[in-house]
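Laboratory data are not the source of any read-out in this text; all were calculated from the coordinates shown. Nothing here was measured: the structure is a model prediction, and the numbers come from that model. Glycine also receives a Cβ, built like all others from the backbone with ideal geometry; neighbour counts cover every protein chain displayed.
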Amino acid sequence: MDKTILSTGAILGIIAIILGAFGAHALKKMLSIDQLSTFETGVRYQMYHALFLLFLGLMTQVSQRTKKTIFLLVLVGVILFSGSLYLLATNDLTSFNFTTIGFVTPIGGLLLIVAWCGLLMNIMQKKSQK
């Protein structure tokens, strides 16, 4: 599981860098300041959680079961949160109206929060057992 978590963290980091560069260069001319800011928020949160997965994959104090749960929460959370922000920011560039899927953004954010809370709870339980 650790290899999967670390690999996914690295892949999310690579994609975040590519999308960040794409936003800074190609999309800068096509999007408004607000749309570009929304796109950058998606990139930033994706990178934060790529680093979070790398950190999680290297932790030895967290059980594999807990790691798997946190990993799934982060992965789905990033897809829903950052993915929806990318689509919403570039909505004017497509014929499909992505505002209809805007409701998934807070769901993704909630999953990311739950993942962090899961890590915190695991850490607090380990500390209290000593």
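How do 74-84, 105-115 rank on mean C-beta neighbours within 10 Å, highest first? Intermediate results must be reported in sequence, preceding the final value.
Numbers: 74-84: 21.8, 105-115: 17.2.
Top to bottom by mean Cβ count within 10 Å: 74-84, 105-115.
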* Give the shape of segment 23-87 as rounded, prolate or oblate, defined through the alpha-carbon gyration tensor: a ≥ b ≥ c are the square roots of its eigenvalues, a/c under 1.5 means rounded, and otherwise the shape is prolate if a/b is larger than b/c and oblate if not. => prolate
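Which value, in debye to the nearest 20, describes the size of the charge dipole of the chain about its Cα centre when Lys and Arg Cβ atoms bear +1, Asp and Glu Cβ atoms bear -1, and nothing else is charged? Mind dumping the intermediate values first?
Values: 10 positive and 4 negative charges, 131 e Å.
Computed charge dipole of the chain: roughly 640 debye.
Compute the Rg to Rh ratio over the chain from the alpha carbon atoms, using the Kirkwood formula for Rh, and round to two decimal places. Spell out each step's value before the answer.
Values: Rg = 16.3 Å, Rh = 15.5 Å.
Over the Cα atoms of the chain, Rg/Rh equals 1.06.
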* Asked: Which one of Phe96, Ile123, Ser37 has its Cα pushed farthest toward the positive end of the charge dipole of the chain, where Lys and Arg give +1 and Asp and Glu give -1 at the Cβ?
  -> Ile123
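Mean residue ellipticity at 222 nm from the helices of the chain, using -39,500 (n - 2.57) per DSSP H segment of n ≥ 4 over the full residue count, to the nearest 500 deg cm²/dmol?
Details: 4 runs with 102 residues, N = 130.
Mean residue ellipticity, 222 nm, calculated: -28000 deg cm²/dmol.
At a threshold of 8 angstrom on Cα-Cα distance, excluding pairs fewer than six apart, so keeping six or more, what relative contact order does segment 41-130 reach in percent?
On the way: 77 pairs, mean separation 32.4, N = 90.
This gives 36 percent for segment 41-130.
If Lys and Arg each add +1 and Asp and Glu each add -1, what is the summed charge of the other residues whose beta carbon sits under 13 Å from the beta carbon of Phe71?
On the way: positive: Lys3, Arg65, Lys67, Lys68; negative: Asp2.
The answer is +3.
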* Structure fact -> With the dipole of the chain defined by +1 on each Lys or Arg Cβ and -1 on each Asp or Glu Cβ, the option from Leu110, Thr69, Met59 whose Cα lies farthest towards the positive pole is Met59
